[in-house]
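Working notes, structure below.
The values are calculated or read from the model by the stated rules, or taken from the named source; none is laboratory data. No experiment lies behind these values; they were computed from the predicted model shown. Here Cβ is always computed from backbone atoms with ideal geometry, including for glycine, and neighbour counts include all displayed protein chains. What goes into the accessible areas is simple: the full protein's heavy atoms, side chains included, and nothing from ligands, DNA or RNA. Shrake-Rupley method; radii C 1.70, N 1.55, O 1.52, S 1.80 Å.
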Amino acid sequence: MTLGVLYVVVTGAGATRQVPTLFLPPAAERGWDVRVLATGQAASAFPESMAQIEGVTGHPVRTSFHTTVGYSLPDPDAVVVAPATYNTLTKWALGIADTYVLTRLAEQVGRRVPIVAAPYVHTRFAAHPTYEGSLATLKQWGVRLVIGPGEPHEPGAAEPDDFPWAEILETVTSAREGAVTPRP
Ligand SMILES: Cc1cc2nc3c(=O)[nH]c(=O)nc-3n(C[C@H](O)[C@H](O)[C@H](O)COP(=O)(O)O)c2cc1C
């Protein structure tokens, strides 16, 4: 069964390297048509992962508006933001839309599609006074937060060995199965 279009937003955090192997294949197997959107920092820090993602999905990774046809991607039926950096979570929770990724995220909150976000944030960022408030705001908007057992992690950790990929997929899939039709 096809579940529809799933945007997977990746950001400038080490766990982005795991997306092509640990998240995209099981998501496709569950029936999602996945399109990956990357922040500028994710694309520049992890170019090999971007190439791998394109190989797995068969679609280009989107980092910016299409110059001639606007958004060009189909609207999503659900969104996963994983791994989510402190920066993206903070700006998103403020309603900022100054990049392609943040613009698309702001819109999807407005469309009320199911959104799941999983932070990969170290303890120094997590201790910033804005952080808990940002998570609370996103939650209040209906964003489902999946917080892995190792979160927040120690600074300097390159990649997690316990990032909750399976729980993220389960959460977005069950949300989609119980979702109402998104707003146009
Ligand atoms: C190698 C590397 C790893 C990073 N890992 C993280 C991380 O795990 N979590 C995080 O919140 N920021 C991390 N950062 C910092 C973010 O990349 C930085 O705040 C950036 O502005 C995030 O931009 P984005 O949210 O648009 O991807 C890392 C930076 C580098 C260079």
Quiz item: What percent does the relative contact order of the chain come to when contacts are Cα pairs within less than 8 Å and at least six residues apart?
Solution: 24 percent
Practice problem: Please tell me the relative contact order of region 78-184 in percent, rounded to the nearest whole number, where contacts are Cα pairs under 8 Å and at least six residues apart. | Solution: 32 percent
Quiz item: Taking amide H positions as placed 1.01 Å from N in the peptide plane, with prolines and chain starts having none, which residues 5 or more places from V34, or on another chain, fall under 5 Å of its amide H?
Solution: L6
Quiz prompt | Amide H contacts under 5 Å for V146, placed H, 5+ residues apart | solution = A117, A118
Quiz item: Roughly how many Å² is the accessible area per residue of region 1-75, as a whole number, for a 1.4 Å probe?
Solution: 46 Å²
Practice problem: Give the carbon-plus-sulfur fraction of the accessible surface of the chain in %, rounded to a whole number; probe 1.4 Å, heavy atoms of protein chains only. | Solution: 54 percent
Quiz item: Taking the Cα centre of each part, how many Å lie between region 115-165 and region 9-47?
Solution: 17 Å
Quiz item: Which whole-Hz ³J(HN,Hα) couplings does region 16-29 yield from phi under the Karplus relation 6.51 cos²θ - 1.76 cosθ + 1.60, θ = phi - 60°, glycine and proline marked x?
Solution: 4, 4, 8, 4, x, 9, 9, 10, 5, x, x, 5, 5, 4
Practice problem: Measure off 7 Å from each Cα along the Cα-to-Cβ vector at T123 and E159, then give the distance between these two points in nanometres to one decimal. | Solution: 2.4 nm
Quiz item: Amide H to amide H, which residues 5 or more places from A13 or on other chains are under 5 Å from it, using H placed in the peptide plane?
Solution: none
Practice problem: Mind checking the full-extension length gain between E107 and L94? Use 0.36 nm per residue of separation minus the Cα-Cα distance, one decimal, nm. | Solution: 3.4 nm
Quiz item: What list of ³J(HN,Hα) couplings, whole Hz, do you get for region 109-118 from phi and the Karplus terms 6.51, -1.76, 1.60, once you set θ to phi - 60° and write x for glycine and proline?
Solution: 4, x, 7, 6, 6, x, 10, 10, 10, 10
Quiz prompt | Rounded accessible area of V56 (nearest 10 Å², 1.4 Å probe) | solution = 70 Å²
Exercise. Could you state how much accessible area L169 has, in square angstrom rounded to the nearest 10, with a 1.4 Å probe and all protein chains kept in place?
Key: 10 Å²
